[in-house]
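Have a look at the structure below before the remarks.
The values are calculated or read from the model by the stated rules, or taken from the named source; none is laboratory data. The shown structure was predicted, so the numbers you read here are calculated from the model rather than taken from an experiment. Here the Cβ positions follow ideal geometry from the backbone for every residue, glycine too, while neighbour counts run over all protein chains shown.
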Amino acid sequence: MAIDKKFIDLFVNVTSKAALAAHNFVGKNDKIAADKAAVDAMRNELNQLNINGEIVIGEGELDDAPMLYIGEKLGTMVGPNFDIAVDPLEGTNFAAKNLPGALSVIAIAEKNNLFNAPETYMDKLAVSKKVPFDATDLDFPIEKNIKNIADAINKDIKDITACLLDRPRHKKIMDKLKDLNVKMKLISDGDVSGALMVTNEKYNVDIFLGIGGGPEGVLAASAIDAFECKFQGRFLFENDQDILRAKKMGIIDLKKKYDLKEIVKGDSIFCATGITNGDLVNGIKVKENKFVTETLVTHKSSKISKIFVSDDTIKT
């Protein structure tokens with residue numbers, strides 16, 4: 001069943017207001033304050049919508065996150081039942097230090113159609129729809145994935161670009177990519193936007209790979225789905241507490257490799273509003289008492305994947 005297109009504007013407003021709230025703290029070197037402002041604003045906007053929403057990807061569990069925690073009910077409780085995944089401020093350091101790439105992100109799907117991911121790491125892989133589905137796999141060696149991509153899109157390996165988080169844990173991957181003479185786009189944070197770079201040739205990224213946040217993996221998958229790209233993820237559990245939490249969420253096979261269709265089922269809407277300028281969208285522009293936002297929006301059923309520009313008056 002398709003989600004009504006009227007919700008696109010409503011959820012663009014949600015991420016825009018959260019982005020504006022965080023924007024007030026851009027460059028203030030206080031990522032906690034910026035994140036709290038985005039969380040509070042997003043929660044306030046969601047509670048005004050005529051929906052029966054539940055957070056499945058949030059700021060953590062109830063004890064750790066008093067607002068937008070996993071299981072929190074949102075909306076007027078009148079209207080459609082939605083699963084909601086949020087990252088009110090993706091790139092907290094970007095906002096705090098006034099660096100490119102800070103976003104406010106939300107994804108919604110019909111009830112029980114969005115994967116309830118635990119707060120743990122995920123090994124991820126994303127490639128564009130131009131690459132045949134069976135050409136890449138999390139279980140393939142890096143060399144095989146890169147060579148198969150190069151063959152599929154008729155590129156020299158030296159012209160292939162891989163995007164991954166710049167982390168010590170990725171040293172072996174980076175060494176292997178260097179040996180293969182593959183170009184690397186190393187990002188310091190923001191692996192939702194990193195994964196989204198495979199969706200359009202203008203970003204010049206052929207594969208996104210490596211270990212990042214599990215919740216961010218679900219958010220990225222919900223956007224990538226509308227572009228018909230490939231996404232795979234496998235959760236990584238570091239301790240018994242992680243495993244216990246996963247089992248409570250119904251994850252039995254701890255080594256399972258999830259394809260996109262298992263993470264996001266049915267229709268979905270994804271919105272990512274820029275707080276600071278980045279690869280995906282521009283940041284907020286404020287002039288006198290007006291603000292302008294850019295939001296990357298996808299709506300799977302209506303095949304929408306575009307940048308929405310919105311403006312509004314700043315309320316004091």
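Of these, GLY233, GLY213, which one is crowded, with 23+ Cβ neighbours inside 10 Å, touching a residue at least 24 places away in the same chain (Cβ under 8 Å), of a type in the set (Gly, Ala, Ser) and closer than 28 Å to ILE251 by Cβ?
Selected residue: GLY233, the only one of GLY233, GLY213 that is crowded, with 23+ Cβ neighbours inside 10 Å, touching a residue at least 24 places away in the same chain (Cβ under 8 Å), of a type in the set (Gly, Ala, Ser) and closer than 28 Å to ILE251 by Cβ.
For every residue, the table says whether it meets (1) within 19 Å of the chain's Cα centre (by Cα); (2) assigned to a helix (DSSP H, G or I).
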{"position": "ILE3", "(1), (2)": "no, no"}
{"position": "PHE11", "(1), (2)": "yes, yes"}
{"position": "SER16", "(1), (2)": "yes, yes"}
{"position": "LEU20", "(1), (2)": "yes, yes"}
{"position": "GLY27", "(1), (2)": "no, no"}
{"position": "VAL39", "(1), (2)": "yes, yes"}
{"position": "ASN50", "(1), (2)": "no, no"}
{"position": "GLU54", "(1), (2)": "yes, no"}
Next on the checklist: Against the conditions (1) within 21 Å of CYS229 (Cα to Cα); (2) in contact with a Ser or Thr (Cβ under 9 Å, 6 or more places away or on another chain); (3) outside the structural domain of ILE275 (by TED's automatic domain parsing), where does ASP166 fall short? Just the number, please.
Outcome noted: (1)
Checklist entry - How about region 189-201: which of its residues are part of a helix (DSSP H, G or I), of a type in the set (Asp, Glu) and under 13 Å from the mean Cα position of the chain (by Cα)? => result ASP191
Checklist entry - When MET77 is evaluated against the numbered criteria (1) buried (at least 22 other Cβ atoms within 10 Å of the Cβ); (2) more than 18 Å from the chain's Cα centre (by Cα), which criterion, by number, is the only one it fails? => result (1)
Checklist entry - Out of all the residues in region 93-136, which are acidic (Asp, Glu), outside any strand (DSSP E or B) and buried (at least 16 other Cβ atoms within 10 Å of the Cβ)? => result GLU119
Checklist entry - Does ASN204 meet the test of being farther than 23 Å from GLU143 by Cβ and either charged (D, E, K, R) or more than 14 Å from the chain's Cα centre (by Cα) (or both)? => result no
Next on the checklist: Kindly evaluate ILE269 against the criterion of being closer than 23 Å to SER302 by Cβ and either assigned to a helix (DSSP H, G or I) or hydroxyl-bearing (Ser, Thr, Tyr) (or both).
Outcome noted: no
Checklist entry - Which of the following residues is outside any loop (DSSP other than H, G, I, E, B), without any contact (Cβ under 8 Å) to a residue 24 or more places away in the chain and either within 24 Å of ILE55 (Cβ to Cβ) or within 16 Å of the chain's Cα centre (by Cα) (or both): ILE243, ILE252? => result ILE243
Checklist entry - In this structure, is MET1 outside the structural domain of LEU280 (by TED's automatic domain parsing), surrounded by fewer than 19 Cβ atoms within 10 Å (Cβ to Cβ) and modelled with pLDDT under 95? => result yes
